[in-house]
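First the structure, in the form of structure tokens, and then the observations on it.
Nothing in this text is a laboratory measurement; each read-out follows from the coordinates by a stated rule. Predicted, not measured: the structure shown is a model, and the values here were computed from it. Cβ sites come from the backbone with ideal geometry, for glycine too, and all protein chains shown count toward neighbours.
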Amino acid sequence: MWIQRQVDLVARPRGFHLVTSEVVEALPELAGIRIGLLHLLIQHTSASLALNENASPDVRRDFESWFNAAVPERAELWTHRLEGTDDMPAHIKAALLGPSLTLPITDGRLALGTWQGIYLGEHRNHGGARSVLATAWGE
Amino acid sequence: MWIQRQVDLVARPRGFHLVTSEVVEALPELAGIRIGLLHLLIQHTSASLALNENASPDVRRDFESWFNAAVPERAELWTHRLEGTDDMPAHIKAALLGPSLTLPITDGRLALGTWQGIYLGEHRNHGGARSVLATAWGE
Amino acid sequence: MWIQRQVDLVARPRGFHLVTSEVVEALPELAGIRIGLLHLLIQHTSASLALNENASPDVRRDFESWFNAAVPERAELWTHRLEGTDDMPAHIKAALLGPSLTLPITDGRLALGTWQGIYLGEHRNHGGARSVLATAWGE
């Protein structure tokens, strides 16, 4: 059993955002999979998907602070500057966190840990809506 | 053919640990898969799974040193401090390395490179036992 | 439907390289998959696979600069030095970016975003040819 569908995440400000509900609600067919997997690919190179703490908003704020310090926007560091000083750091952050997640499904639901949620890492100042291609398969 | 099973990794001290044997021995059904994949998800947000050098313990020690320097525990960096100064750095390290691995299976065995082994990154001082949800499928 | 095949990437100099065509041309059977996934595992611990911007060579050059600054070769940082000063940093870089990609297939083609391409991260000075084990499955 295969399901493949594009999920469009609404535009969000730069930073880390919890999008578990938005993703799951767009994929009602997951309920029909007893054992399987869900693969998500964000089809962009300056935004990322990650799995982390789903409770405290200050965790997501600290993610943004750390990544901004680790990959600074100082123009002299970069040769790729055409699209603005936030662009090249966004590519590096996206590669560090990765563009995809593969998540197990058990009895029709994502089998995440109690504290795990899906993060959208929006690394551009004005990234706009983001397309995620979701592919689920199982029995 | 689908297999899904929880694998509990015993508690380990903070640092990087080779867990290939512990994972494989918990999944004897892999022997029945000719071509397939094994997906592993660690169901926590302060520990990680990675694939790296399986021979020299000093590689794993150097991993710990680098990650400690890259994501320091200085409390003034973090707003999320309720769970101790090792907590927020653990979340960042876990996201940099990632919570899951997808590994190919060939003729009943993991088809890793000669020098590749599965690392548990234990990023908390006292993380306790860690749950991994293993899902394998193939023919 | 399962396909598993080793793809050997030709030796490249240290740095980031776009290898999408080399991978896709080695896997003509992808054309027969309507919905599915392609999993790629680089079977080495000092090279990586990533998905990022496929147009400007300066993005890949800036990747190399950032990773060299973030994971320096200064020998005093590392206890694992037997294989040269570029070796231990290569292991860390490989773990940050990851050894594998899982990519959706739609109507016989990789369903990547317009600007996404597959990067080989060659983190050794003389890494040689690199083996990738490709596994595709779908309907």
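Inclusion of B:Gly36 among residues that are closer than 27 Å to A:Ile33 by Cα and crowded, with 23+ Cβ neighbours inside 10 Å is warranted. In segment A:18-33, which residue that is charged (D, E, K, R) and farther than 22 Å from B:Trp137 by Cβ is farthest from the chain's Cα centre (by Cα)? Here the answer is A:Glu25. Of the numbered conditions (1) within 12 Å of chain C (Cβ to nearest Cβ); (2) assigned to a loop (DSSP other than H, G, I, E, B); (3) in contact (Cβ under 8 Å) with a residue 60 or more places away in the chain, A:Thr45 satisfies every one except a single condition; which is it? Only one criterion in (1) within 12 Å of chain C (Cβ to nearest Cβ); (2) assigned to a loop (DSSP other than H, G, I, E, B); (3) in contact (Cβ under 8 Å) with a residue 60 or more places away in the chain is unmet by A:Thr45, namely (3). The residue list A:Ala90, A:Ala50, A:Ala94 contains one member that is of a type outside the set (D, E, K, R), in contact (Cβ under 8 Å) with a residue 24 or more places away in the chain, part of a helix (DSSP H, G or I) and under 28 Å from C:Gly36 (Cα atoms), which is A:Ala94. Can you work out which of the residues in segment C:57-112 that are touching a helix residue (DSSP H, G or I) at 6+ places or on another chain (Cβ under 9 Å) and among the polar types (S, T, N, Q) is farthest from A:Ser131 (Cα to Cα)? So the residue we want is C:Thr79. The numbered conditions (1) under 14 Å from the mean Cα position of the chain (by Cα); (2) buried (at least 16 other Cβ atoms within 10 Å of the Cβ); (3) farther than 12 Å from B:Gly121 by Cα are all true for B:Asp62 except (1). Do you know which residues across segment C:23-40 are part of a helix (DSSP H, G or I) and either charged (D, E, K, R) or touching an Asp or Glu at 6+ places or on another chain (Cβ under 6 Å) (or both)? Correct list: C:Glu25, C:Glu29. Within segment A:119-139, restricting attention to residues that are over 21 Å from C:Ile105 (Cα atoms) and within 11 Å of chain B (Cβ to nearest Cβ), the residue that is surrounded by the most Cβ atoms within 10 Å (Cβ to Cβ) is A:Gly121.
Within segment C:98-112, identify whether any single residue is outside any strand (DSSP E or B), at positive phi and buried (at least 20 other Cβ atoms within 10 Å of the Cβ), and answer yes or no.
Yes, segment C:98-112 contains at least one residue that is outside any strand (DSSP E or B), at positive phi and buried (at least 20 other Cβ atoms within 10 Å of the Cβ).
Would you be able to say whether some residue in segment B:76-83 is more than 9 Å from every other protein chain (Cβ to nearest Cβ), over 20 Å from B:Leu18 (Cβ atoms) and either part of a helix (DSSP H, G or I) or touching a Ser or Thr at 6+ places or on another chain (Cβ under 6 Å) (or both)? The answer is yes; a qualifying residue exists.
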